[in-house]
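The values are calculated or read from the model by the stated rules, or taken from the named source; none is laboratory data. Note that the coordinates shown come from a computational prediction; the quantities given were computed from them, not determined experimentally. Using ideal geometry, Cβ is built from the backbone for each residue, glycine included, and neighbour counts are taken over all protein chains shown. Remember, those area values only see protein heavy atoms, side chains included, never the ligands or the DNA or RNA. Shrake-Rupley method; radii C 1.70, N 1.55, O 1.52, S 1.80 Å.
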Amino acid sequence: MTYRSSFWINTVNSFFSGILEFVETYVLLTNTPTLGGLNFAQASLVFGLANLGWSLADLVFGQSDNIPRYIREGKLEAFLVRPMPLLAQMITSDFQLRRLGRAFLGLVIAVIVLFWVHLDFNVATIYLLITTPLYGAAIYGALFVLAGGLQFWIVDGSEFTNSFVYGGSYAGHLPGSALLLPLRVFFTFVFPVTVTAYVPCLIMLGMPGPAWLPAWLGWLPPVFAAWTWLLAAVVWRRGVRHYTGAGG
Amino acid sequence: MTDSIIELDNLRRSFVVRAKKSGLRRARREVHAVDGITASVSTGEAVGYIGANGAGKSTTIKMLTGILVPSSGRVRTCGYEPVPQRRTLAREIGVVFGQRSQLWWDLPLRESFDILAAIHRLPAEAAGPRIDQLIDGLQLEAFLSTPVRQLSLGERMRGEVAAALVHRPRLLILDEPTIGLDMISKERLRQFLIAERAEEGTTLLLTTHDMSDIERLCDRVLVVDHGKLAYDGTLPGLARRVALQRVLVVDLAEPQPPVQVPSADNIASELNGARQSFAFAPDTTTAAMVLAEVSALAEVRDLTLTEPAIEDIVRTLYHRAS
């Protein structure tokens, strides 16, 4: 806690940027009564759960897509001469508590929405409510690591990786049925962000899924999380190997 | 396992550099940063690794520490293969890159040490006394609670050296540790390193641009040039092959005809003799002796002492060889 005022400014800032994104969904839904077959309250549930998962992932893995900066500052070399895995050092080197603001917002929205949307609180719903943000965090976290791994090749590639990390998160906050079919398939079976909120919500709301996105997929976030982590681990390891092979 | 802590066998490393040419065409050029170096360093030695900028020093060090994979050849550090066994190796070596920081920019120095002790999984009863010992040896008490970003370069560098030594490494690698430091900070650092080596028997590999670092700290010198080893031996041996002369430049109160003294050569006289330069060999005389002799003949207003430049040493090495 070295920069106290900066911490508070950043926390408030990340809180409000979260609100802004929520307002976006709100504006969309006040002009069209339903979004992808969900009403406002139901879409808010998707938003809340996705946002909670995303902000938890950002809290832990948020700086792993900052590889070019670490390379340029020579921090990566300092990390490499310490007896700890690179990724672990990257996570701990710059644990940004200010991102808590975002996570807190995610939690608040999720809780408010729970009183608003009419859910049948049975064992399955409660299980999904608890596990969805956690698996969501795992999936988004894997996307961050994947982005980091790719940046070993494309220096200044954060523009490119942002497109699927932040773009993916945006897609994850929306009802998956609102996405065009190719995007829907891409964001489910390649970067499974729809699984971080929308698909489990379908189960909770007792709705069938749209084409290519059956609701029973909502039981499978662990499988999708394992798949993204496998992908992320492979890319990350190859990225590190690329770095030690090609030099900085 | 043999007695040698570093083994390099025909070590090579090349980089592909893509230079932008006119339009879309790009020239692809291979640069041999390290071009077949064979050497070994025994446990307990202190070795100076010198060469001009871009001679391949840092690349060698990156290969020794597991940051870079060699293109070909073999490297063993502390008996390990650096890249595949990077984490095991990291427990046995300490590295200071003069231009990069190991410390946590926003944290007080003391906390950086505690974090490093935790990273190396040192038990508290071992870490505490060791850190105190380093704080004492490097005189760090005064700024222990200052965030690293507010330290002066000399203070930070002493902090860096302490950080690299927290886990009592067998091998200490210093890449340009004295760059940019003033004379007092340099000397403090050297004195500490001498004491530390006497106590712990740490092997030292040091790259530097300052020949006094080598004189004070190292028993052996490796000179690298264009990726190849140009000299491997003792410093007196190097001095026999090239002139490691220092130059004392004095400003005189009054312009004088060239002053001649017994222990040094008058090599230049500028400003009508108001500034004169004396070259001397540091192994036969001292700067003080030369100054005393000059002062006896003329009034000295100001003086500077220059070291032989690494570039000049390398150049003379080649002239002798050819």
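A few notes on this one:
- Across the stretch B:19-168, the mean sequence separation of Cα contacts (distance under 8 Å, 6 or more residues apart), normalised by length, yields a relative contact order of 20 percent.
- Within the accessible area of chain A, the carbon and sulfur atoms contribute 71%, probe 1.4 Å, all protein chains present.
- Neighbours of B:Gly44 by Cβ distance under 11 Å: Lys/Arg scored +1, Asp/Glu scored -1, total -2.
- Between helix B:109-119 and chain B: long-axis angle, C-alpha atoms, 0 to 90°, nearest 10: 40 degrees
- The residue list A:Gly53, A:Cys201, A:Ala78 was ranked by how far each Cα lies along the charge dipole of the stretch A:7-242 toward its positive end, using unit charges on Cβ atoms, and A:Ala78 comes out on top.
- About the Cα centre, charge dipole magnitude for chain B (Lys/Arg +1, Asp/Glu -1 at Cβ), debye: 2020 debye
- Spin-label pair A:Val185/B:Ser263, simplified geometry with 7 Å Cα→Cβ offset, distance in nm: 8.8 nm
- Accessible surface buried at the A:B interface totals approximately 2000 Å², computed with a 1.4 Å probe on protein heavy atoms.
- Net charge in the neighbourhood of A:Ala43 (other residues with Cβ under 15 Å of its Cβ; Lys, Arg +1, Asp, Glu -1) is -2.
- Within the protein assembly as shown: Cβ-based charge dipole about Cα centre, in debye rounded to nearest 20 (Lys, Arg +1; Asp, Glu -1): 2020 debye
- Three-way shape label, the stretch B:45-182, alpha-carbon gyration tensor, a/c 1.5: oblate
- Seen from B:Asp251, the other residues with C-beta closer than 14 Å to its C-beta sum to a net charge of -2, counting Lys and Arg as +1 and Asp and Glu as -1.
- Listed residue (B:Ala117, B:Pro308, B:Ala253) projecting farthest to the positive dipole end of chain B, Cβ model: B:Ala117
- Sequence-separation-based contact order of the stretch A:139-199, relative, with Cα cut under 8 Å and 6+ spacing, percent: 34 percent
- For the stretch B:179-252, carbon and sulfur atoms together expose 54% of the accessible surface, with a 1.4 angstrom probe and every protein chain in place.
- Value of relative contact order over chain A, rounded to a whole percent, pairs C-alpha under 8 Å and six or more apart: 25 percent
- Approximate spin-label separation B:Leu305-A:Ile154, in nm, with each point projected 7 Å along Cα-to-Cβ: 5.6 nm
- B:Ile184/A:Val223 FRET efficiency (R0 56 Å; Cβ-Cβ; nearest 0.05): 0.30
- Working note: 222 nm ellipticity from helices only, DSSP H runs with n ≥ 4, each -39,500 (n - 2.57), summed and divided by the residues of the protein assembly as shown, gives -16000 deg cm²/dmol to the nearest 500.
- Its Cα centre serving as origin, the stretch A:7-242 has a Cβ charge dipole (Lys and Arg +1, Asp and Glu -1) of approximately 460 debye.
- Accessible area in the full protein assembly, largest first, 1.4 Å probe, for A:Phe121, A:Phe22: A:Phe121, A:Phe22
- Point-to-point label distance, A:Phe7-B:Ala195, nm (Cα→Cβ direction, 7 Å offset): 3.7 nm
- Solvent exposure of the stretch A:7-242, expressed per residue, is 43 Å² of accessible area, with all protein chains present and a 1.4 angstrom probe.
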